[in-house]
Amino acid sequence: MQSRLFIIIGAFAFALTFFASQTTHANIFPSSLVLQDTLTEDTRIDSIVIDRNWRTRDKIILRELTFQPGDMVTPQMMKESIDRVWNVGNFATVEWTLDDTTVSGKNIMRLTARDAFTIIPLFAFNGSDQDFTLDVGIIDGNLFGRNIRGRFGYRFATFERKWDIGLGIPRQLLYRNMTLDFNVKQGTQTNFLFADRKRDQGIAYDVIEASVNIGNPWHEDYRYTFSPNLNIVYRAHDIYNIRLDSGITPLAEQEYNARFLRFRIDENIGLVNRKRHQEDRWAVNLAYGLGVGLNDQSPMYHAVVISGEAHKLFNPIVQLSVEGRAGYTSNELPSGWFYRGAGDVRSITTGEIGGKAYYTMKVGGFFTYINRNWFAMEQSVFFHFGQGAQTVSGLFQEAPLFAVGTGVRLMTPMVPWFYFQFDVAYSGPNSNWYFIQW
């Protein structure tokens with residue numbers, strides 16, 4: 001058992017070390033995507049002009065630059081600044097040129113950050129006929145042109161019905177690198193644990209959640225500083241076993257009305273650069289949660305989750321990725337356990353990996369054959385595996401569930417919400433052989 005754990009941890013650590021040791025090059029994207037001068041030596045930037053930006057306010061973009069007019073700029077400063085503008089997440093293209101005016105002898109940086117269309121009429125589907133999620137509503141990833149994220153949606157899924165409202169305030173509008181996110185959810189939820197890939201035990205309940213997430217102001221993108229984020233959630237779960245189908249054993253023998261105030265701190269190490277759909281570099285997240293009961297039916301609990309991802313973009317076409325996640329909770333109430341699905345391991349149904357402890361791993365190759373402003377196509381080849389149990393030691397007493405498959409994703413970078421993904425995978429008998437997302 002311990003040897004398996006060491007093998008998994010060792011493989012993941014080796015992958016992170018390998019990816020982290022690779023150098024990220026500025027010119028890995030084709031000229032059709034990023035047309036920019038190459039800064040080969042320290043250069044004084046006398047003026048910055050932002051061109052052809054139809055929505056995002058100039059100050060949002062300028063806030064991401066690591067220099068100001070009049071500064072001497074190193075090649076590393078320029079690369080880091082362009083990466084930061086890309087990571088805002090609202091742009092289809094980011095281009096820059098350096099003009100040397102012969103009359104005044106001044107260097108003018110012209111920066112084009114072309115907005116993608118981020119007002120999204122939310123109509124998103126993912127899953128299969130056995131386990132699906134349909135979200136409807138509206139999302140704006142750049143409200144008022146200030147990078148504010150707004151969302152109003154309703155989720156209709158195999159195991160849940162919920163509406164949610166969210167608002168995210170970006171660091172460009174707050175102190176230093178501070179962020180604020182607010183969210184409210186209300187609806188119904190049903191979760192199952194499986195035996196021999198069939199529903200065996202379940203729990204059904206009403207849920208209300210209200211949360212605020214505070215991003216630490218002292219977080220730095222490209223230089224690590226200890227700066228954990230804080231998340232506070234009020235959570236109410238009211239159990240109704242009568243909603244379970246006959247033949248399903250209730251996970252909660254006695255119905256309960258849980259009321260918790262959960263405090264969670266999480267620390268990010270590393271940073272993933274994202275340019276359109278492609279990713280590079282690595283990141284790890286460590287999270288600890290404390291649930292404080294607000295009534296006598298809600299005992300205090302602890303939870304720990306660790307996740308990591310590493311991506312290497314070798315050239316404009318080939319990307320390799322490794323992602324892992326593991327968690328444990330001491331919560332004795334089954335509505336607070338983990339229930340993982342096809343988002344972690346393709347072809348499984350939500351709850352096949354479930355319990356108080358779990359782990360999942362994803363390894364994949366991604367091949368972008370076309371990457372233009374109005375059309376991009378990516379093929380993936382992947383291997384996923386994971387397991388859930390009631391104890392950490394129980395995770396290694398049975399072979400993990402696995403999935404191997406391939407897929408294709410068609411995208412419109414100028415309208416990032418307009419895409420279609422179709423995966424086919426195999427994870428053993430009685431599995432969902434396909435997964436759709438659009």
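Mind checking which strands (runs of 3 or more DSSP E) fall wholly inside the stretch 115-158 and carry at least 1 residues that are in contact with a strand residue (DSSP E or B) (Cβ under 9 Å, 6 or more places away or on another chain), in contact (Cβ under 8 Å) with a residue 60 or more places away in the chain and under 16 Å from Gln437 (Cα atoms)?
119-127
Identify all residues within the stretch 273-293 that are modelled with pLDDT of 95 or more and either more than 27 Å from Arg372 (Cα to Cα) or surrounded by fewer than 18 Cβ atoms within 10 Å (Cβ to Cβ) (or both); write none if there are none.
Selection gives Ala283, Val284, Asn285, Leu286, Ala287, Tyr288, Gly289, Leu290, Gly291, Val292, Gly293.
Among the residues of the stretch 130-162 satisfying the criterion of being touching a helix residue (DSSP H, G or I) at 6+ places or on another chain (Cβ under 8 Å) and surrounded by fewer than 19 Cβ atoms within 10 Å (Cβ to Cβ), which is modelled with the lowest pLDDT?
Keep residues of the stretch 130-162 that are touching a helix residue (DSSP H, G or I) at 6+ places or on another chain (Cβ under 8 Å), which gives 145-148.
Next, from what is left, pick out any that are surrounded by fewer than 19 Cβ atoms within 10 Å (Cβ to Cβ): 145-146, 148.
Values: Gly145: 83, Arg146: 86, Ile148: 91.
If we take residues in the stretch 130-162 being touching a helix residue (DSSP H, G or I) at 6+ places or on another chain (Cβ under 8 Å) and surrounded by fewer than 19 Cβ atoms within 10 Å (Cβ to Cβ), then Gly145 is modelled with the lowest pLDDT.
State yes or no: is Met77 outside the structural domain of Val345 (by TED's automatic domain parsing) and touching a strand residue (DSSP E or B) at 6+ places or on another chain (Cβ under 9 Å)?
Details: outside the structural domain of Val345 (by TED's automatic domain parsing): yes; touching a strand residue (DSSP E or B) at 6+ places or on another chain (Cβ under 9 Å): no.
For Met77, the condition - outside the structural domain of Val345 (by TED's automatic domain parsing) and touching a strand residue (DSSP E or B) at 6+ places or on another chain (Cβ under 9 Å) - is not met.
Condition first: free of Cβ contacts under 8 Å to residues at least 24 places away in the same chain and in a loop (DSSP other than H, G, I, E, B). Can you find one or more residues in the stretch 365-378 that meet it?
Checked against the condition, which is being free of Cβ contacts under 8 Å to residues at least 24 places away in the same chain and in a loop (DSSP other than H, G, I, E, B), the stretch 365-378 yields no hits at all.
Would you pick out the residues in the stretch 342-364 that are surrounded by fewer than 21 Cβ atoms within 10 Å (Cβ to Cβ) and outside any strand (DSSP E or B)? Outline the logic, then answer.
Going residue by residue through the stretch 342-364, those that are surrounded by fewer than 21 Cβ atoms within 10 Å (Cβ to Cβ) are 343, 362-364.
Once the filter is applied, which keeps residues that are surrounded by fewer than 21 Cβ atoms within 10 Å (Cβ to Cβ) and outside any strand (DSSP E or B), the stretch 342-364 yields only Gly343.
Considering only the stretch 159-172, state which residues are free of Cβ contacts under 8 Å to residues at least 40 places away in the same chain and of a type outside the set (Gly, Ala, Ser).
Glu160, Arg161, Trp163, Asp164, Ile165, Leu167, Ile169
Quick check, is Arg223 in the same structural domain as Pro400 (by TED's automatic domain parsing), not in a loop (DSSP other than H, G, I, E, B) and not aromatic (Phe, Trp, Tyr)? Reasoning before the result, please.
Working: in the same structural domain as Pro400 (by TED's automatic domain parsing): yes; not in a loop (DSSP other than H, G, I, E, B): no; not aromatic (Phe, Trp, Tyr): yes.
It is false that Arg223 is in the same structural domain as Pro400 (by TED's automatic domain parsing), not in a loop (DSSP other than H, G, I, E, B) and not aromatic (Phe, Trp, Tyr).
So which pairs qualify, if the first residue must be in the stretch 288-314 and assigned by TED's automatic domain parsing to the domain that holds Asn331, the second must be in a loop (DSSP other than H, G, I, E, B) and charged (D, E, K, R), the Cβ gap must be under 9 Å, and the two must be at least 6 apart or on different chains?
Pro299/Glu332; Tyr301/Glu332
Is it true that some residue in the stretch 412-419 is touching a strand residue (DSSP E or B) at 6+ places or on another chain (Cβ under 6 Å), within 30 Å of Tyr205 (Cβ to Cβ) and in the same structural domain as Val304 (by TED's automatic domain parsing)? Explain how you work it out, then say what you get.
Just the residues of the stretch 412-419 that are touching a strand residue (DSSP E or B) at 6+ places or on another chain (Cβ under 6 Å), to begin with: 413-414, 417, 419.
Now restrict to residues that are within 30 Å of Tyr205 (Cβ to Cβ): none.
No, the stretch 412-419 contains no residue that is touching a strand residue (DSSP E or B) at 6+ places or on another chain (Cβ under 6 Å), within 30 Å of Tyr205 (Cβ to Cβ) and in the same structural domain as Val304 (by TED's automatic domain parsing).
Return the total of residues in the stretch 367-385 being of a type in the set (S, T, N, Q), over 30 Å from Ala399 (Cβ atoms) and either touching a strand residue (DSSP E or B) at 6+ places or on another chain (Cβ under 7 Å) or not assigned by TED's automatic domain parsing to the domain that holds Thr412 (or both).
Adding up the residues that qualify gives 2.
If I filter the stretch 93-108 for residues that are under 21 Å from Pro413 (Cα atoms), out of contact with any helix residue (DSSP H, G or I) (no Cβ under 7 Å at 6 or more places or on another chain) and not assigned by TED's automatic domain parsing to the domain that holds Val424, do I get at least one hit?
yes
The values are calculated or read from the model by the stated rules, or taken from the named source; none is laboratory data. None of the values given here were measured: they were computed from a predicted structure. Here the Cβ is made from the backbone with ideal geometry for all residues, glycine too, and neighbour counts use every protein chain on show.
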